[in-house]
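Participant: One structure is given below, represented as structure tokens, and several questions about it will come after.
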Amino acid sequence: MWTKSRTLASLYRQLGLRWLTFRFAYAFRIRTGLIRLQIPAYQWKDRPLGTWLKKDIPSDPKSYTEWRKQNSQSFFFRGVNQIPENIPWNPQLAMDEAERILSGELKYFTHEFQKTGFPPDWHKDPITGIKLDSTKHWSQLSDEGKVDIKFIWEASRFSFVYTLARAYAFNQDERYAKAFWQLTRSWAESNPPNAGPNWMDGQEAALRLMAWTFGLYTFLESPVTTPQHIADLTTFIAAHAQRIYSNTDFAIFTRGNHSISEALGLWMTGLLFPELKDSEKYLSFGRMSLEREAAQQIFPDGSYSMYSLNYHRFVLQVYLYAIRLGELNQLRFSESLYQSISSSVDYLYQLIDPQTGQMTVYGSNDGALVLPLNTCDFTDYRPVLQLGSFITKDKLLFEPGLWDEDLFWLCGESSHALRQSEVQDNTSFPNGGVYIIHNINSKAIIRCTNFQERPSHADQLHVDLWWRGINIACDAGTYLYSGEDVWRNGLAHTSAHNTVTVDFKDQMKMVSRFTWVDWAQGKALQQNDKLWQGEHNGYYPVTHKRTVHMLDDDRWLVVDHLNDVRSHHYALHWLLNDFPYSQKDNAICLWPALYKYKIQMGLVEGNSNFSIIRADPKNTRGWRSKYYGHKEPAISAMLETDRSQAVFWTFFGFESDSVKLSGDILQINSLEIDLRP
């Protein structure tokens, strides 16, 4: 009881009374079945097209289709979007993937193909083979259990529509149009409104709306497309918009990307389907929500309130989609929203490796990619930054490449734009808690956050180190939200990050997969061209202060000071990229390139234990995940001691470097550094 009271008190302090009140009220609606009365399940035949349309709109398929053709709003394109000559991407790759879709394989989380059949079983997890009940109201189902609900939802996001559209633009193969309509019909037959797992989440409904609408405009002029197809799809879209609108308060109180994607779903439906009875309501509410959430969720420095780079890309793609569609229909959003998106592009550009498009895997990563309109790897952020820079600044950040395909689909002709890369320099983003220091061919990315919104990972003072585009010291990522045992969002814990743990505990308390209480608050103490220093209070009364020194010629030194009057178990952890390596004492030499990169760890005073583990089969140590649902080995180096006060040091450099400790002085080649606080 005492623990529950402390948890509630922490939630009250950090999220407020309105949030707590809503969560209790929502739980009451679920448990009593009240929500099933408010958002009832029904059959498609119970609410045909005519029930959704305004009085003066014809509802028979042929007449309705003619009305839409004469009164259609502007989309990014209409019908086949002809691919121009001399493009910097290969359309054949989209065709190859489209053929796999037709053969019953879908790409999950923009990474691995799974054999699902054609059409897939919309309620089956292809990994475990587990099926969820499709007859119950969505509120009677749980996303807790043996199956990770995201593996059920992934196929129903219809992300494959973008691949079919891209392939169709290349060769006008009517099989792709036929597949779109066949899969849409199959989904509707298997998922009557508000029944089954695919109606559980309004965000999933919104992403499906985006994909269906994209498919509608792609295949609109196809000879395969019939008036019945168009009429049925409009019915499906209307039901989805109603589902989102009826429960949008839940998305708002999650205080994250759900409210943004659902707002887009409503705004887009209201804009592109003005014949629906509630179109004006959807359009107005959606626009208001998009404006409000941008102001609240995108911090002044351009960082994102969910403290996750993948979720940041998610909302950036949503907003770029909305901005461009609004411009095409003379419904321009506010200048403050444009500025928020522009600053977000600037923020992410400072974190990207321009040559590879890679970024640190900061915060939660659920594999979401709203607009898979290119053949770049999931980890490549160049497509969204190229698109974002063009839409907000009429400027392109990168030379022509695969990442230009998004521009073609949403903006058409872009050759007039100036191509000019931005400067990447030492930068502070205090709102998002990210700090960057650049060396000659390397950089350190440091996280030290004064949380204003819900934390994603317990990762205060984590440091990512990049050298020549290689992520030497890396973030572990996410892997699974709902895995078994230690894999239940296990990589969100402090122990998986490049920082220090105290007494085997997290920096804050995890009370559910996505909720932390007693937030550890970080504070940056100083930063200049050669040094960054910060601290956090997550282990109070223990103090943890970290100093990152930039040394000459891509060398780095990280010093951790821990202090209390009582003895504690301190563990300094570094997760290193999985390269061949050798070990000597407390030093590791990696072979990521022609040079051998050395990582050496030490303790100023006292006894310590050094260990290296790669891909531990029993726990999360020595693993990383760049893609949701996929993990790969990494090298975990740990130095542990039991003391009241400890000073750890970690040197990053090269095999030939001499590193010696003499008292409180660390000698690195000819350089001497005093390690005292």
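Participant: Counting only C-alpha contacts under 8 Å and six or more residues apart, can you give the relative contact order of the stretch 427-674 as a whole percent?
Facilitator: Answer for the stretch 427-674 is 17 percent.
Participant: May I pose another question? Compute the relative contact order of the chain as a whole-number percentage, counting only Cα pairs closer than 8 Å that sit 6 or more residues apart in sequence.
Facilitator: With pairs under 8 Å counted, the relative contact order is 10 percent.
Participant: Checking the cross-link filter: which lysines have an alpha carbon closer than 21 Å to that of LYS136, excluding same-chain neighbours under 8 positions apart?
Facilitator: The qualifying lysines are LYS45, LYS124, LYS146, LYS150.
Participant: Oh, and also: Return the FRET efficiency for the residue pair ARG6, GLU85: r is the Cβ-Cβ distance, R0 is 51 Å, and the value is rounded to the nearest 0.05.
Facilitator: After rounding, the FRET efficiency stands at 0.20.
Participant: If each of ASP377 and ARG185 carries a label point 7 Å out from its Cα toward its Cβ, how far apart are those two points in nm?
Facilitator: Spacing of the two 7 Å Cα→Cβ label points: 4.1 nm.
Participant: Suppose we keep just the DSSP beta bridges with both residues in the chain; what percent of those would be antiparallel, to 5?
Facilitator: The antiparallel fraction comes to roughly 95 percent.
Participant: Say the dipole of the chain comes from +1 at the beta carbon of Lys and Arg and -1 at that of Asp and Glu; which of HIS258, PHE610, THR110 then lies farthest toward its positive end?
Facilitator: The listed residue farthest towards the positive side: HIS258.
Participant: Using the 10 angstrom Cβ neighbour count as an exposure proxy, how do ILE437, ILE252 rank, fewest first?
Facilitator: ILE252, ILE437
Participant: Where the convex hull is taken over the Cα atoms of the stretch 253-345, what is its projected area averaged over directions, in nm²?
Facilitator: 5.6
Participant: Within the stretch 202-307, report the GluC sites (Glu not before Pro) that DSSP leaves as loop and that have at most 16 other Cβ atoms within 10 Å.
Facilitator: Taking the stretch 202-307 and a limit of 16 other Cβ atoms within 10 Å, the loop GluC sites (Glu not before Pro) found are GLU221.
Participant: Could you name the lysines in cross-link range of LYS443, using Cα to Cα under 17 Å and dropping any fewer than eight places away on the same chain?
Facilitator: Once the sequence-local lysines are set aside, what remains near LYS443 is LYS530, LYS598.
Participant: Using only Cα atoms, figure out Rg for the stretch 300-421 and give it as a multiple of 2.2 N^0.38 Å.
Facilitator: 0.98
Participant: Label GLN228 and GLU291 with points 7 Å out from Cα along Cα→Cβ: what is the distance between them in nm?
Facilitator: In this crude spin-label approximation the distance works out to 4.4 nm.
Participant: Helix 227-246 versus the longest principal axis of the chain: what angle, 0 to 90°, nearest 10, using Cα atoms?
Facilitator: Roughly 50 degrees between the two axes.
Participant: Would you list which aspartates and glutamates come within 16 Å of LYS62, measuring only between C-alpha atoms, while excluding same-chain residues fewer than 8 positions from it?
Facilitator: Candidates past the 8-residue exclusion: GLU221, ASP232, GLU275.
Participant: With respect to the cross-link table entries LYS178/LYS626; LYS54/LYS178; LYS393/LYS509, which display a Cα-Cα separation exceeding 32 Å?
Facilitator: LYS178/LYS626; LYS393/LYS509
Participant: Assigning unit charges at the beta carbon (Lys, Arg +1; Asp, Glu -1) and nothing else, what dipole magnitude in debye, to the nearest 20, does the stretch 498-538 show about its Cα centre?
Facilitator: Computed about the Cα centre, the dipole is about 100 debye.
Participant: Taking the Cα-to-Cβ direction at VAL486 and at LEU34 and moving 7 Å from each Cα, how far apart do the two end points lie in nm?
Facilitator: My value for the distance between the label points is 4.3 nm.
Participant: Sticking with this one: Pulled fully out, how much extra length does the chain show between LYS136 and GLN420, if you take 0.36 nm times their separation in residues and subtract their Cα-Cα distance?
Facilitator: 96.8 nm
Participant: For THR21 and ARG468, compute 0.36 nm times the residue count separating them, minus their Cα-Cα distance, and round to one decimal in nm.
Facilitator: Additional length available on full extension: 155.9 nm.
Participant: Can I ask one more? What is the magnitude of the charge dipole of the chain about its Cα centre, with +1 placed on the Cβ of each Lys and Arg, -1 on the Cβ of each Asp and Glu, and no other charges, expressed in debye to the nearest 20?
Facilitator: 1960
Participant: In what sequence do PHE28, PHE299, PHE113, PHE390 fall when counting other Cβ within 10 Å, fewest first?
Facilitator: Lowest to highest Cβ neighbour count: PHE28, PHE113, PHE299, PHE390.
Participant: For every helix of n ≥ 4 consecutive DSSP H residues, a contribution of -39,500 (n - 2.57) applies; sum these over the chain, divide by its total residues, and give [θ] at 222 nm rounded to the nearest 500 deg cm²/dmol.
Facilitator: Roughly -11000 deg cm²/dmol at 222 nm, from the helical runs in the chain.
Participant: Hey, any idea what the orientation-averaged projected area of the convex hull of the stretch 427-674's Cα atoms comes to, in nm²?
Facilitator: Approximately 12.9 nm², given one-decimal rounding.
Participant: Say a paramagnetic label sat at a point 7 Å from the Cα of LYS55, along Cα to Cβ; which residues of the stretch 251-291 have their backbone N under 19 Å from it?
Facilitator: The answer is 274-281, whose backbone nitrogens lie closer than 19 Å to the label point.
Participant: Can I ask one more? Using the 10 angstrom Cβ neighbour count as an exposure proxy, how do LYS55, LYS146 rank, fewest first?
Facilitator: Least to most surrounded, the residues fall as LYS55, LYS146.
Rule-based calculations on the coordinates, nothing more; no lab input. Computed from a predicted structure; not experimentally measured. Ideal geometry is used to build each Cβ from the backbone, glycine not excepted, and the neighbour counts take in all protein chains shown.
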